[in-house]
1. Report yes if some residue within region 106-120 is part of a helix (DSSP H, G or I) and more than 19 Å from the chain's Cα centre (by Cα); otherwise report no.
2. Going by the structure shown, is residue 174 in contact with a Leu (Cβ under 8 Å, 6 or more places away or on another chain) and in contact (Cβ under 8 Å) with a residue 24 or more places away in the chain?
3. For the structure I just gave you, tell me whether residue 157 is surrounded by 16 or more Cβ atoms within 10 Å (Cβ to Cβ) and modelled with pLDDT under 75.
4. Tell me which residues, restricted to region 94-112, are within 11 Å of residue 145 (Cα to Cα) and out of contact with any Ser or Thr (no Cβ under 9 Å at 6 or more places or on another chain).
5. Within region 122-139, identify whether any single residue is within 21 Å of residue 60 (Cβ to Cβ), without any contact (Cβ under 8 Å) to a residue 40 or more places away in the chain, surrounded by 13 or more Cβ atoms within 10 Å (Cβ to Cβ) and under 19 Å from the mean Cα position of the chain (by Cα), and answer yes or no.
6. Out of all the residues in region 32-68, which are assigned to a loop (DSSP other than H, G, I, E, B) and modelled with pLDDT of 90 or more?
7. May I ask you to verify whether residue 84 is surrounded by fewer than 18 Cβ atoms within 10 Å (Cβ to Cβ), in contact with a helix residue (DSSP H, G or I) (Cβ under 6 Å, 6 or more places away or on another chain) and part of a helix (DSSP H, G or I)?
8. Determine whether residue 96 is in contact with a Phe, Trp or Tyr (Cβ under 9 Å, 6 or more places away or on another chain) and either under 30 Å from residue 115 (Cβ atoms) or surrounded by 12 or more Cβ atoms within 10 Å (Cβ to Cβ) (or both).
Amino acid sequence: MPAQALIVCEHCDTVHRRVELAPGAAARCHTCGGPLYHRSRLELNAMLALTIAGIIVFAVANAYPLVTLSSQGIRNEAALWQMVASAWNSHIALVAAIAALTVFFFPLLQLALYAYILLPLSLHRVPRGFAAAMHLLRQLRPWSMVEVFLIGVLVTIIKIGSLADVVLQPGIWSFGVLTALLTALAGFDTRELWQAADEAQR
């Protein structure tokens, strides 16, 4: 029996034979009942479409300001990199660096890796360095914190709403859409990508 046809329970080490599941279904261990794997409701092409949409939305989110603040005739626009620069200039370089990594570089790298992996797989080809890309993608997932940034911005907007007129700009809406897209991608079982790579190599 091929090795890819077997799966080991992470909880009790029981070995199972992998079976084809219906979209949205999940397999559980016969011994302990723990989760083994599940099949996403989305196919690879759909995941690729989400990835491309995420890259476009990411570009919009960083190209446009998040909010416009108006108070006593003074009008200011706040974009992501303006906030990072402000934090850096306020001598809190660590906060600025963390924000730049978790809100810009890590999500961008995550989307780029998805595109690098999914595009060849959708054509039934395995990209060079597939295993390394998959491991890096797994390590990046916990460090992409767009949703935390979005919540922080919204809380700040609520707090300063009584001090200035706040107008939401395309950047903040784009970050909201980006959060939804990254959440959908994170819900995809990466083991299905390994399986797709195995099938492409046959």
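1. Yes, region 106-120 has at least one match.
2. It is false that residue 174 is in contact with a Leu (Cβ under 8 Å, 6 or more places away or on another chain) and in contact (Cβ under 8 Å) with a residue 24 or more places away in the chain.
3. Yes: the conditions hold for residue 157.
4. Answer for region 94-112, where residues must be within 11 Å of residue 145 (Cα to Cα) and out of contact with any Ser or Thr (no Cβ under 9 Å at 6 or more places or on another chain): 98, 99, 100, 101, 104, 105.
5. No, every residue in region 122-139 fails to be within 21 Å of residue 60 (Cβ to Cβ), without any contact (Cβ under 8 Å) to a residue 40 or more places away in the chain, surrounded by 13 or more Cβ atoms within 10 Å (Cβ to Cβ) and under 19 Å from the mean Cα position of the chain (by Cα).
6. Correct list: 32 only.
7. No.
8. When the stated conditions are applied, residue 96 passes them.
The values are calculated or read from the model by the stated rules, or taken from the named source; none is laboratory data. Remember, predicted model here, so these are calculated numbers, not experimental data. A quick note on method: Cβ atoms are made from the backbone with ideal geometry, for glycine too, and the neighbour counts reach across all protein chains shown.
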